[in-house]
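Beneath this line is the structure, given in structure tokens, with notes to follow.
The values are calculated or read from the model by the stated rules, or taken from the named source; none is laboratory data. Quantities reported herein were computed from a predicted structural model and do not represent experimental measurements. Positions of Cβ are generated from backbone atoms using ideal geometry, with glycine treated the same way; all protein chains shown enter the neighbour counts. Accessible surface is based on the protein model in full, side chains and every heavy atom, while ligands, DNA and RNA are left aside. Shrake-Rupley method; radii C 1.70, N 1.55, O 1.52, S 1.80 Å.
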Amino acid sequence: MTKQSHDHNFKNLFIDFPKETLEWFFPQAQQNWGDVRKVEFVRQEPKKRKLSEQSLALDMPILFFFENQQLLLWLVEFQEDKAKFSIYKLLRYTTDLMEAHPHALVIPIVLFTDRTKWRKDVVRKLQTKLNDRLFLHFEYMFFKLFDFNARDYYNINNPVVKILLPKMNYKKDERIEVIRQAYSGLFQLASRMLFDKYVDFIDVYAEVSEEEQESLYHEIIQHKETAMLAQYIREKGMQQGMQQGMQQGMQQGIIQNTKENIIEALELRFGKISSEIIDKINQINDPAKLKELHKKAIQIKEIDSFGFIC
């Protein structure tokens, strides 16, 4: 089975929570330069050396403006498969951004999101040196989510941390509690719109099964601190049920109306039709088939119960 990539979802996460992400992964920035006044997302593609070269689509450059006018261009690359990571490609992208933004301090970061233990580490730095002369030194900030223990971050009030909890390390019997902490923390720290968006993200990348969702719901309703979340889930369920009911009602109305139009068209053209034909029409509930039957009722030159319905 081909492994599904969630890199685009992680990219959206950083777009929705840029300051919170910076606060967690690089707190020194605000400590050194004060609060973030403005954030810009650099949406340019890195330059290619060859037209056949694949784009570095996983990178997310973010330009931060701090209160004392310092600039930080924060380059984040997401990797689910460490075998695809190339420090040389990252170096080229970093220098391209340095050239494009000469007044910004460019800091490259790589976030590895796979929940596996590594036998072999990735290359962390490049260096070219002769005697006492240094010609090149390049390194990046390294984060591997599986190196973090999820239970150590239950009390961190950061929505990005909460969303990423199930990507961290935990014991098998802690899984339901980890996901519950992710749900409840995100509910407390994010808007309802972003909660709806990223609770789905958690379900997808954590591969939450239907059985686990039932267990999660029971865990949520049993904790006082998640009472509001439990109520929200119930209301969302009722709302979805009402919407589904309305849609089903509308669909049934359309089907019944089409049946009546078919019978009316036949009676206008051929007079009173047999109860056998009416019964066969009423047994059909496929909207597409009824639509075709309505066209047929208008076009046919004569009618018989077998030939018309077939």
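Where helices (runs of 4 or more DSSP H) fall wholly inside the stretch 137-231, the ranges with 2 or more residues that are open to solvent by 10 Å² or more (accessible area, probe 1.4 Å) and more than 22 Å from VAL76 (Cα to Cα) are 175-189, 192-205, 210-222. Annotation note: of GLN244, GLN251, GLN240, the sole residue that is part of a helix (DSSP H, G or I), within 26 Å of LEU13 (Cα to Cα) and either of a type in the set (Ser, Thr, Tyr) or modelled with pLDDT under 85 (or both) is GLN240. Taking the stretch 92-140 as the range and being touching a Ser or Thr at 6+ places or on another chain (Cβ under 6 Å) and without any contact (Cβ under 8 Å) to a residue 12 or more places away in the chain as the test, the residues that pass are PHE135, LEU136.
Give the residues of the stretch 102-148 that are farther than 19 Å from LEU90 by Cα and polar (S, T, N, Q), sorted by residue number. Passing the criteria: THR116, ASN131.
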